[in-house]
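What follows is a single structure, written as structure tokens, with notes after it.
The values are calculated or read from the model by the stated rules, or taken from the named source; none is laboratory data. Computed from a prediction, not measured in an experiment: that's the story for all the values here. We place every Cβ from the backbone using ideal geometry, glycine too, and count neighbours over all the protein chains shown. Note: accessible area is taken over every heavy atom of the protein model, side chains too, but ligands, DNA and RNA are not part of it. Shrake-Rupley method; radii C 1.70, N 1.55, O 1.52, S 1.80 Å.
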Amino acid sequence: MLNLRKIEKFFLVVLISQVSFAQFSETIPTDYWVYKIIDELEIRGYFRELPQGYKPYSRIDIAGQILKEKGRAKSKFEISLFKMLEDEFRDEINFLTSKGDQDDDDFSFKAGVMMSGYAVKEMDSQRILRFRGRAKFSFYYGDKFTIYNNSITDQNLLDDTTYTGNRFRGFFAGYTEQAFLKLNFQPVSIKFGRDYVKWGYGSGGNLLISDYAIPYDILQFDLFSKKFKYSFLISQLDEKNYSPDSGKTILKANRYLTGGRFEINLWNKLYIGFAQTILYGGANKGIDITLSNPLAFYYEFQANEGKEMNGMVYADLSYYPLKNLNFYGEFLIDDWQVSRQTKGDLEPNEYGFIVGLKFADLWGAGNSIQFEYTQVRNRTYNTKRDYEKYIRFKRPIAHPLGNDFQSFELWVSQWFLNKLQITVNYKFIEHGEGSIEKPFDEPWMAPEITVETGYREKFPYGVVERTHKIGLGLFYFLNSNFNFNLDIAYSNVKNFKNIQGAKKNILTFKAWVFFNFDKFFR
């Protein structure tokens, strides 16, 4: 029998407090502070049974790994990291440890508030104080069934040129960050709605699907076991205007992204992943069932059936030869010319790769050093048909820098008193004139170019913008409800915006306090 008083009280809390709701199968936003702690533990030999190349993680999965592995921690530093996570996932841990003592197949919810207050100063911005908050609502049944909504309000979006939504009276902006229905029947789960997708290991960005774009509207199937992981998704992207006749007619194209990634875990030390995606669409075009086959190799449909699409093939790996040492990499092919028989075959290969190295505890406990080099060739992710460009709204689906660039990045961090992490970061970027948004040019088709003369072009292409950036980051963990963050960065840019001789120095300051409070009802 329904208890109307309890239902009335529940909705009263929502209306008065503007609280947030969370649940065990809730996926954790990829910018949440717990990933910082999980990364520290992964390099030191923990959390290796989690799907390494897939994010976001769910709260129940993290809680399960905490229970399984915290007893192995020996050093005070590692124990302190586990303690941070235990405080955050206390309700999920209690749920797992009490499953045999009570009826776990019951409806539950968790109520609270989550917000951040920012002090931001950039050279070209007049706005200083900013607010960011998340409002969540969740309704779930044990850990098997979830209905979840998470909307974000973020004043930082007011100055974001890639943000395409409304700015309400110039005071705030926001969007639905996560909203999905999820069914979880291990080892299979099905998710329908909006959520983050992040595949790969790069820290500065990813080459196939990253969390840089606004979360994706998806139908997703996951098959996860200890040794094998497979994820398949179908996503409807934003519509895009295009002209099939050089501006005489403007049409609105529907756009769809399909992708799948397989990962194998060998001895909790070597992780090898293979993936593919396609982006396709057109005016009045719906989802193509042929291009939604989770077991097909999509290039076959392009080669044999002439289907129009922008396809990517991809591989990645992560290797831990020692407890405190990790090698990782990502490799993507957009288009690769296997012959040179016609002028069209002179098109430069379009690909990208990331190689990285991370090691920890070189001079005692709590320190780490990470190197990462990334290269993405010109015209990668770009196509002649505007609606097939690898973009969601105005943001790249893959790496935040888009294409036609190479970058080197270094991070050095140290924890103090097991509460404070200080990170020094250096980044060098060379970015050519190419971009995903620009029209797809074909200079190799010029009359003076022949198959015999061949075609070569500089990389990065054209006038190259060069950036040296050095930053200082601070993260202070008071408890799971409060943490303080500080980022200071200075950039020296030559050939700014690919204008020969243009220079610019950029200084940014960003400080924010994160606050979270919740209470579990069951």
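Looking across segment 396-440, the residues that are hydroxyl-bearing (Ser, Thr, Tyr), under 27 Å from Asn378 (Cβ atoms) and either surrounded by fewer than 19 Cβ atoms within 10 Å (Cβ to Cβ) or touching a Phe, Trp or Tyr at 6+ places or on another chain (Cβ under 8 Å) (or both) come down to Ser407, Tyr426. Scanning segment 246-277 for residues that are open to solvent by 50 Å² or more (accessible area, probe 1.4 Å) and charged (D, E, K, R) yields a total of 3. Checked against the criterion of being modelled with pLDDT of 85 or more, among the β-branched types (Val, Ile, Thr) and open to solvent by 10 Å² or more (accessible area, probe 1.4 Å), the candidates Ile43, Ile79 yield just one match: Ile79.
Exactly one residue out of Gly200, Gly165 is open to solvent by less than 50 Å² (accessible area, probe 1.4 Å) and either over 25 Å from Ala283 (Cα atoms) or at pLDDT 95 or above (or both), and it is Gly200.
Kindly check whether there is at least one residue in segment 61-71 that is in contact (Cβ under 8 Å) with a residue 60 or more places away in the chain and under 24 Å from Trp199 (Cβ atoms). Among the residues of segment 61-71, not one is in contact (Cβ under 8 Å) with a residue 60 or more places away in the chain and under 24 Å from Trp199 (Cβ atoms), which makes the answer no.
Scanning segment 487-508 for residues that are β-branched (Val, Ile, Thr) and more than 11 Å from Thr467 (Cβ to Cβ), we see that the one that is surrounded by the most Cβ atoms within 10 Å (Cβ to Cβ) is Thr508. Could you tell me whether segment 279-288 includes any residue that is free of Cβ contacts under 8 Å to residues at least 24 places away in the same chain and either surrounded by fewer than 17 Cβ atoms within 10 Å (Cβ to Cβ) or not basic (Lys, Arg) (or both)? Taking every residue of segment 279-288 in turn, none turns out to be free of Cβ contacts under 8 Å to residues at least 24 places away in the same chain and either surrounded by fewer than 17 Cβ atoms within 10 Å (Cβ to Cβ) or not basic (Lys, Arg) (or both). Looking at Phe459, Phe477, just one residue is open to solvent by less than 50 Å² (accessible area, probe 1.4 Å) and in contact with a helix residue (DSSP H, G or I) (Cβ under 7 Å, 6 or more places away or on another chain), and that residue is Phe477. Scanning segment 302-320 for residues that are assigned to a strand (DSSP E or B) and open to solvent by 40 Å² or more (accessible area, probe 1.4 Å) yields Val313, Leu317, Tyr319.
The residue list Val464, Val513 contains one member that is open to solvent by 50 Å² or more (accessible area, probe 1.4 Å) and among the hydrophobic types (A, V, I, L, M, F, W, C), which is Val513.
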